[in-house]
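First the structure, in the form of structure tokens, and then the observations on it.
Readers should treat all values here as calculations from the given coordinates under stated rules, not as data from a laboratory. Please read these numbers as outputs of a predicted model, since none were measured by experiment. Cβ: placed from backbone, ideal geometry, glycine included. Neighbour counts: every protein chain shown.
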Amino acid sequence: MNIRRLNKKNKLKIFNDPIYGFITIPNSQIFSLIEHKYFQRLRRISQMGMSYLVFPGAHHTRFHHALGSMHLMQKAVQLLRFKGIEISKDEEDALYIGILLHDIGHGPFSHAMEHSIVENVNHEQISLRFMESLNKNFNGSLTLAIKIFKGDYSRTFLCQLISSQLDMDRADYLKRDSFYTGVPEGNINSERLITMLNVVNDELVVEEKGIYSVEKFLLARRMMYWQVYLHKTGLVAEQLLIRVLKRAKELVQQGIALPASDALSYFLNNRITIEEFNDGTLEIFSRLDDYDIISAMKEWQFHSDFVLKNLCNMIVNRELLKVKVKDKKVKPEALEKHLEHLVSKYKITKREAQYFVFKGEISNQAYHQEKENIKILGRNGKIRDVIDVSDQLNLRALSKPVVKYFICYPKDKL
């Protein structure tokens, strides 16, 4: 038994990644965390939700992304030390743990669950719960990583490497999502960006010669949001998934039995807020992934409930709602017209029709100037905001939110 476990522990030291080539596991603790069932679950959580219905190659997972982010963090630590920035061994390990586990709290299809079967519980809060649970199993060795993850550590730049407008998370997902979707506009030069990093007054800065890489990074973020993350077909697919889970929860709470895995049934049967997210709930959540939802929808598409079966059929067979994206707000009468048509045609209630006819808004802001700014270190030693340094006029425009409005309704018939 002990020999087998020992062999297993030393079995794998590198991953072969299609983006960066070989990714090295920095130490045995990181390897043990990767081996843990909580982290292995990320192999079954898609990185981009329902986007594969638009981009057939977008089947990569949160597991890929977490490893890629850790790889970039290794590059960043190595580079900053080379430039004379002191980072202790404990801080280094904490950075690797923090970035490796930063997305461990994502639910099935990444974001859909946050808006449906749990109440105001986001993936960052669940990630923190997972890290605190793992900290008990790993004899308190994740304490510093948790502190940095929460932004509570005294050395600001370490927190910024994990979460900021130019962190290792974004540096990986833009490049990775660009690769798997086949959208070249998102392909940033992550290594060049990292090479230009430095630290002044305990804050992360980018050396002036890296300004064009930062401009490209912000432009790529803008383009990826419009072309990929906010693509209208992916948008309507995710909205449908959210409504599937809401309707399922509604039916279960009315006493209607629905076939589902034990983990999914638990969240359908119970009202879960962050207060209810205890160790027992966390353990059940750790058994929930994309496959639970897909399997359930394949069954539910034949259910007698008009709303549930049609919503599931739309996703399973990719017969989605029509979606129109506009620059102006959707007029109430436009929504009412589609609702009345549906109510009349299928003899359903207005509330049921609202599962198929709805409106919303999307916003794209590539750079938040009012948040932690991306700071450029000039050759004269002065530090300025990237917008004030850049000669790209459209970079200032990228700091202003662009809001668009959408309406969804059935194409012909349900």
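As a length-normalised measure over Cα pairs under 8 Å and 6 or more apart, the relative contact order of the range 1-153 settles at 19 percent. Here the label points at Asp17 and Val402, each 7 Å from Cα along the C-beta direction, are separated by 3.0 nm in the simple model. Once the Cβ-Cβ distance of Arg192 and Arg155 is raised to the sixth power relative to R0 = 25 Å, the FRET efficiency obtained is 0.55. Spatially close Lys pairs in the range 53-209, defined by Cα atoms under 18 Å apart and a spacing of eight or more places or different chains, total 7. Rounded, prolate or oblate: which fits the chain, taking a ≥ b ≥ c as square roots of the Cα gyration tensor eigenvalues, rounded meaning a/c under 1.5, else prolate when a/b beats b/c? Oblate, since a/c reaches 1.5 and b/c is not below a/b.
Helix 232-253 and the long axis of the chain differ in direction by around 60°, with both axes built from C-alpha atoms. Averaging Cα coordinates gives a centre for the range 81-99 and one for the range 345-414; these two points are 33 Å apart. Each other residue within a Cβ distance under 12 Å of Gly186 adds +1 if Lys or Arg and -1 if Asp or Glu, for a net charge of +3. Output the 0 to 90 degree angle, nearest 10, between the alpha-carbon long axis of helix 89-100 and the longest principal axis computed from the alpha carbons of the chain. Result, in degrees: 20. Antiparallel versus total DSSP beta bridges in the chain: what percent is that, nearest 5? For the chain, the DSSP antiparallel bridge percentage is about 95.
Between the Cα long axis of helix 332-346 and the first principal axis of the chain there is an angle of about 50°, rounded to the nearest 10.
For the pair Ser261 and Glu319, a Förster radius of 25 Å applied to the C-beta separation gives a FRET efficiency near 0.50, rounded to the nearest 0.05. Once C-alpha pairs closer than 8 Å and six or more residues apart are averaged by separation and normalised to the residue number of the range 230-330, the relative contact order reads 37 percent. Going by the alpha-carbon gyration tensor, a ≥ b ≥ c the square roots of its eigenvalues, is the range 99-178 rounded (a/c under 1.5) or, if a/c is not under 1.5, prolate (a/b greater than b/c) versus oblate? Here the range 99-178 falls in the oblate category. Distance from the alpha carbon centroid of the range 138-177 to that of the range 219-240 works out to 25 angstrom.
Between Ser344 and Arg384, what FRET efficiency comes out of the Förster formula 1/(1 + (r/R0)^6) with R0 = 56 Å and r the beta carbon distance, rounded to 0.05? The value I calculate is 0.40.
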